[in-house]
Number of protein chains: 2
Amino acid sequence: MSAAKTAEGIKVIEMIAEMKEIVSKVKRQGKTIGFVPTMGYLHEGHLTLMRKAAEKTDFVVASIFVNPLQFGVGEDFEDYPRDLERDIRLAESAGVSLMFTPGVNEMYPGGYGTTVDVGNLTDKLCGRSRPGHFRGVTTVVTKLFNIVEPDIAFFGQKDAQQAVVLKKMAADLNMNLEIEVVPIVRETDGLAMSSRNKYLAPEERKAALVLSKGLELARNLVGAGARNTADLKREITNFIIREPRARIDYVEILSFPGLKETENMDGRVIIALAVFIGDTRLIDNMVLEV
Amino acid sequence: MSAAKTAEGIKVIEMIAEMKEIVSKVKRQGKTIGFVPTMGYLHEGHLTLMRKAAEKTDFVVASIFVNPLQFGVGEDFEDYPRDLERDIRLAESAGVSLMFTPGVNEMYPGGYGTTVDVGNLTDKLCGRSRPGHFRGVTTVVTKLFNIVEPDIAFFGQKDAQQAVVLKKMAADLNMNLEIEVVPIVRETDGLAMSSRNKYLAPEERKAALVLSKGLELARNLVGAGARNTADLKREITNFIIREPRARIDYVEILSFPGLKETENMDGRVIIALAVFIGDTRLIDNMVLEV
């Protein structure tokens, strides 16, 4: 016997006011809301977040918004890959009921001027390489949280610093939601899933494995007793620079989730990498309990 | 026949978690929440806000929190007048059901690091005289809004720039509430009510009338046809400096609510004053439709 199809199909909404009406109706029905904010061009990492949201909450909202505020000058805002039709089909298959796809003017109308900043955690790693990036993230996520009013919002561990920063923001500002961080989803050969992998030419795609392999090397060295962060960073760096297509942005080992520098690894640490493969900046990370 | 007394008396709560529980219960009962955030030492201006909240919403929450983040170095954070017992009695008489009185560590625990900034509107008037002041206000109010989840929050027109900035913040961040601004409440001789009036010695109390009288002068000049802002500012300035105890911080005439400079008054404008009387900085303002 086949199960009856009860889903009404995914709704796609562009306007904030309409989103608020639907959210308010869903809440009046006593349903919990799960939320997966994305920049689109969905991959298995995003879909894992959506399936997790569908498992944990009654009504799943996703958003696709390529947020200009979190891109720096010369970064890939204009070129960021977009495929809305495909994204909507994929999101629906992963259990999303409502997809929010606002335009830039809907999110930042003329005269827009408010920003949210999380101190301390944002001046290192990607925050140092991409000034203003996390201000853009925390600002847009605050707006999206107010529009969607989720009970639980889901983020990927691939953007580890983003997850730490957003948890801090939610706690500091007493927001009424939980943030759940979902493990990195990888290709079978180890490459962390990312919308930006699309930029990689075939030989770059192979070269991109230095990130996940560099992390595996680090895990093995720590397993064999390595504790000194400077030594370990040097080992990872030496491994990565043997790949001629790779240019290191950073190789960092910090306490987690505090993101403090540490001379010798002790307790929970994150090994975080940002590496350009050709023109494409990729990130990856691993959290270890030492 | 006397009405039966059904009120259970005001509740006073210091902890955020307990506030959130009560708010959540009140919301489940389908009641609307009105909110009046204050720094305490309540006067008739505050009580007017509370009565308005009681008139418009089902459940009135007020807060008393002298917010260190909105005071600058050398300002009166330590000396700001406090009288909690009296405030609670007054708030109860004005229809407040729940008074939130958190400590500084409850609002800003160790490692606190998140701030909210409203651009453009905050670099003039009190924002220029008190750098960081509005960042402190917008940050604490965002936190309080998340804790109290009001349907309507009430602010006084005395702090005109604060009201404009908070409305902009709520709109920019898509917050789920209305902000209602309530007219200035004045002493019978015209002095705008303020907790800081307590600082004034008797002869300073008399001198403080230059603010409201300066605004009245401006209203009369505009009534007689004055339109040039530079001329009008000079007239107000000349009037105020005849008072030896007065030292002008600013005399400004700006468009309202945009707070833009304007050569000739046209449409809605605000005439805003900040004047030190002795060591006490007082503000007052008047909005005119020209």
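Considering only residues that are of a type in the set (D, E, K, R) and either within 13 Å of B:ASP159 (Cα to Cα) or at pLDDT below 95 (or both), which ones fall in segment B:117-127?
B:ASP123, B:LYS124
Might you let me know whether segment B:96-117 holds any residue that is in contact with a Leu (Cβ under 9 Å, 6 or more places away or on another chain), away from chain A (no Cβ under 14 Å) and within 30 Å of B:ILE248 (Cβ to Cβ)?
No, that holds for no residue.
Restricting attention to segment B:264-277, report how many residues are in a loop (DSSP other than H, G, I, E, B) and open to solvent by less than 30 Å² (accessible area, probe 1.4 Å).
2
Restricting attention to segment B:78-98, does a residue exist that is of a type in the set (A, V, I, L, M), open to solvent by 20 Å² or more (accessible area, probe 1.4 Å) and touching a Gly at 6+ places or on another chain (Cβ under 8 Å)?
The answer is yes, given that some residue of segment B:78-98 is of a type in the set (A, V, I, L, M), open to solvent by 20 Å² or more (accessible area, probe 1.4 Å) and touching a Gly at 6+ places or on another chain (Cβ under 8 Å).
For the list (1) touching a Lys or Arg at 6+ places or on another chain (Cβ under 8 Å); (2) of a type outside the set (Phe, Trp, Tyr); (3) under 16 Å from A:ILE270 (Cα atoms), I need the number of the one condition that A:THR229 fails.
Going through the list (1) touching a Lys or Arg at 6+ places or on another chain (Cβ under 8 Å); (2) of a type outside the set (Phe, Trp, Tyr); (3) under 16 Å from A:ILE270 (Cα atoms), A:THR229 breaks only (1).
Take segment B:171-199 and flag every residue that is within 14 Å of chain A (Cβ to nearest Cβ), touching a residue at least 24 places away in the same chain (Cβ under 8 Å) and part of a helix (DSSP H, G or I).
B:ASP172
Can you find, within segment B:128-142, the residue that is modelled with the highest pLDDT among those that are more than 17 Å from B:ILE64 (Cα to Cα), surrounded by fewer than 22 Cβ atoms within 10 Å (Cβ to Cβ) and within 14 Å of another protein chain (Cβ to nearest Cβ)?
The selected residue is B:ARG135.
Which members of segment A:57-103 meet the condition of being assigned to a loop (DSSP other than H, G, I, E, B), of a type in the set (Val, Ile, Thr) and in contact (Cβ under 8 Å) with a residue 60 or more places away in the chain?
Residues satisfying the conditions are A:THR57, A:VAL96, A:THR101.
Restricting attention to segment B:251-263, does a residue exist that is more than 21 Å from B:THR122 (Cα to Cα) and buried (at least 21 other Cβ atoms within 10 Å of the Cβ)?
Scanning segment B:251-263 turns up no residue that is more than 21 Å from B:THR122 (Cα to Cα) and buried (at least 21 other Cβ atoms within 10 Å of the Cβ).
Being in a loop (DSSP other than H, G, I, E, B) and over 21 Å from B:ARG130 (Cβ atoms) narrows it down to one of B:GLU243, B:GLU216, B:GLU235, B:GLU203, so name that one.
Only one candidate qualifies: B:GLU243.
With open to solvent by less than 20 Å² (accessible area, probe 1.4 Å), touching a Phe, Trp or Tyr at 6+ places or on another chain (Cβ under 6 Å) and farther than 30 Å from B:ARG268 by Cβ as the only criterion, which of B:VAL148, B:VAL165 stands out?
B:VAL148
If the Cβ limit is 7 Å and pairs must be 6+ apart or interchain, which residue in segment A:256-274 that is without any contact (Cβ under 8 Å) to a residue 60 or more places away in the chain pairs with which residue that is open to solvent by 30 Å² or more (accessible area, probe 1.4 Å) and of a type in the set (Lys, Arg)?
Taking only residues 6 or more apart or on different chains, the pairs are A:ASN264/A:ARG227; A:MET265/A:ARG227.
Taking segment A:258-290 on its own, how many of its residues are of a type outside the set (Asp, Glu) and within 17 Å of A:ARG128 (Cα to Cα)?
Going through segment A:258-290 one residue at a time, the tally reaches 14.
Can you tell me which of B:PHE155, B:PHE145 is hydrophobic (A, V, I, L, M, F, W, C) and within 14 Å of another protein chain (Cβ to nearest Cβ)?
None of the other options fit; the residue is B:PHE145.
Just to check your reading of the model, which residue among B:SER93, B:SER24 is within 30 Å of A:LEU166 (Cβ to Cβ), in the same structural domain as B:LEU166 (by TED's automatic domain parsing) and among the polar types (S, T, N, Q)?
B:SER24
In the set B:LEU69, B:LEU125, which member is open to solvent by 40 Å² or more (accessible area, probe 1.4 Å) and not hydroxyl-bearing (Ser, Thr, Tyr)? Give the derivation first.
On the way: B:LEU125 fails: open to solvent by 40 Å² or more (accessible area, probe 1.4 Å).
The conditions single out B:LEU69.
The values are calculated or read from the model by the stated rules, or taken from the named source; none is laboratory data. Predicted model, so just to flag it, every value in this text is computed and none were measured. Here Cβ is always computed from backbone atoms with ideal geometry, including for glycine, and neighbour counts include all displayed protein chains. Each accessible area value is taken on the protein alone, full model and side chains, heavy atoms only, with ligands, DNA and RNA left out. Shrake-Rupley method; radii C 1.70, N 1.55, O 1.52, S 1.80 Å.
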